[in-house]
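Please read the structure below before turning to the comments.
The values are calculated or read from the model by the stated rules, or taken from the named source; none is laboratory data. Values in this document were obtained by computation on a predicted structure and should not be read as measured data. Cβ: placed from backbone, ideal geometry, glycine included. Neighbour counts: every protein chain shown. For accessibility, only protein heavy atoms count, side chains too; no ligands or nucleic acids. Shrake-Rupley method; radii C 1.70, N 1.55, O 1.52, S 1.80 Å.
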Amino acid sequence: MTEKSMYIEKTLKNGVHFVGKADHSMRSVSIGIWVRAGSVNEKAQENGLSHFLEHMFFKGTEKRSAKTIAMDMDKIGANINAFTAKECTCFYVSAVDENLPEALDCLMDIFTASSFDETELEREKGVVLEEIAMAWDTPDDVAHEMAACRFFEGTPLGQTILGPAENIRNAKREDLVYYKKSHYRPENIVISAVGNFCEEELFSMLEEGMKKLETVPAEESSFDYSTWKPKSGFYSVEKEIEQAHICISFPGIAYEDDRKYALSVISNALGGSMSSRLFQKIREEMGMAYSVYSYSSAYTGAGMFTLYAGTSQENAEEVTKLMLAECRDIAENGISDEEFERSKAQLRGGFILSTESGQAIMNSIGKAAVMGKGLVTEDMLLAKLENVDKETVREVAKEVFGSGIVSAVYVGKGGKELEKLFI
């Protein structure tokens, strides 16, 4: 860290937490308002409200229409957007430093003063329903979504982010208003900022803007994942498409467990890069897939590790066998010294390259803070990766792939033929 950059962590008067990095070598500022509210916080009849609410924030406030929001940001070259995840929702803006006051005013306006107009609400239902239909028409999206739904079945993580179409059709304005006031409380909110900003001026704007936040008392409920265990199974979605889309999931590592960095090393060696086992074996040597990879999903209290391949119906069984064989080999023998060193180097390089982006750093420190980790800097994350040793990788590999729990999802034609591989 140079004299031109400084990490900041403090709390606003109303209890909203702030983490940031003032970097005066930059010409821009990225700010995110993070809320610890996502699909895991929804009751069954509310499933989809977090995402629908995110849409409605952009449909107008007391002083800005939806069109004005877009035009105000376009005229200063700013990018304003939002996303909903299973455990959080983020509203963010990136702007040239000199335009920070206008960009932040707009962001806080939609966050604290959205009107949720009835006409806009009914119109936006159509947009969200089309998004749900689009996701269902995208077979690899279906495979990944169903992989999580089946693996986490019976838990809040098993709910989709978009929710069922029926919930969106039935949603009323009062449902969204109450959901916002009950979950968007100061103790659930983190603001992260990275770029060229004056700390005193930024906090003055945040204090003024966030004091408008309206909340109601609400009881937070949490699922006890210590009493839950995933189950093995095979699930097939019949679709008249050319390819077969396969997801194979194993128990992963929870977000709060630092062994997740060892699992990242395993994932990189198995299917996270062009030099990985799955890419080299299934794509390069066998020519059986264009897209084949692995990834880890880490949540509070639980995790999931998934392999994915898109292949022909004829090759689906062979590709599945090859993926399972590589998992068995890593469970029994671990990864080689060469794979271990290469994976760590690649993860380190990829992370450093990503931190050249102010928005990427804002996302990194914001997510860590809203998930209860406080201020986690780039150097802290690099140290955690560097501290991963070969023995921990071996232990995690045995735990993940040797658990005896395998949950598989097949999307395409004739998927039932693969069921025998998972019985």
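Would you kindly calculate the mean projected area, averaged across all directions, of the convex hull enclosing the Cα atoms of region 117-200, in square nanometres? Provide the component values of the computation, followed by the final result.
Numbers: hull surface 36.6 nm².
For region 117-200, the mean projected area of the Cα convex hull comes to 9.1 nm².
Applying the criteria of a DSSP loop state and at most 15 other Cβ atoms within 10 Å to the GluC sites (Glu not before Pro) of region 185-218 yields Glu214. With helices as the sole contributors, the chain gives -13000 deg cm²/dmol at 222 nm; each DSSP H run of n ≥ 4 counts as -39500 (n - 2.57), and the sum is divided by every residue. On full extension, the segment bounded by Glu238 and Glu314 gains 25.8 nm, given 0.36 nm per residue less the C-alpha separation. The trypsin sites (Lys or Arg not before Pro) of region 1-87 that meet both conditions, a loop assignment by DSSP and at most 13 other Cβ atoms within 10 Å of the site Cβ, are Lys4, Lys13, Arg27, Lys43, Lys63, Lys75.
When you restrict to C-alpha pairs under 8 Å that are six or more residues apart and normalise by the size of region 334-423, the relative contact order lands at 31 percent.
With K and R counted +1 and D and E -1, the other residues having a Cβ less than 13 Å from that of Val190 yield a net charge of +2.
Near Gln313, within a Cβ-to-Cβ distance under 10 Å, what is the net charge of the other residues, with Lys and Arg +1 and Asp and Glu -1?
Working: positive: Lys413; negative: Glu242, Glu314, Glu317, Glu417.
Result for the neighbourhood of Gln313: -3.
Please give the length that would be gained between Trp228 and Asp258 if that part of the chain were fully extended, namely 0.36 nm times their separation in residues minus their C-alpha to C-alpha distance (nm, one decimal).
8.7 nm
Compute the normalised compactness of region 337-423: alpha-carbon radius of gyration over 2.2 N^0.38 Å, N being the residue count.
Working: Rg = 18.6 Å, N = 87, 2.2 N^0.38 = 12.0 Å.
Here the Cα radius of gyration is 1.55 times the empirical estimate.
When His51, His17 are compared by accessible area at a 1.4 angstrom probe, the order from most to least is His17, His51.
Given a Förster distance of 22 angstrom, what is the FRET efficiency for Ala360 paired with Met134, based on the Cβ-Cβ distance and rounded to 0.05?
Numbers: r = 27 Å, r/R0 = 1.21.
After rounding, the FRET efficiency stands at 0.25.
A crude spin-label estimate for the pair Lys384 and Glu208, with each label 7 Å from Cα along the Cβ direction, gives 3.7 nm.
Quarter the surface of the alpha carbon convex hull of the chain and you get the mean projected area, 20.9 square nanometres.
How do Met380, Met56, Met134, Met26 rank by accessible surface area computed with a 1.4 Å probe, from largest to smallest?
Values: Met380 85, Met56 0, Met134 120, Met26 40 Å².
The ordering from most to least exposed comes out as Met134, Met380, Met26, Met56.
Heavy atoms only, probe 1.4 angstrom, no DNA, RNA or ligands counted: give me Val319, Val40 ranked by accessible area, highest first.
Values: Val319 0, Val40 35 Å².
Heavy-atom accessible area, descending, gives Val40, Val319.
When you restrict to C-alpha pairs under 8 Å that are six or more residues apart and normalise by the size of the chain, the relative contact order lands at 22 percent.
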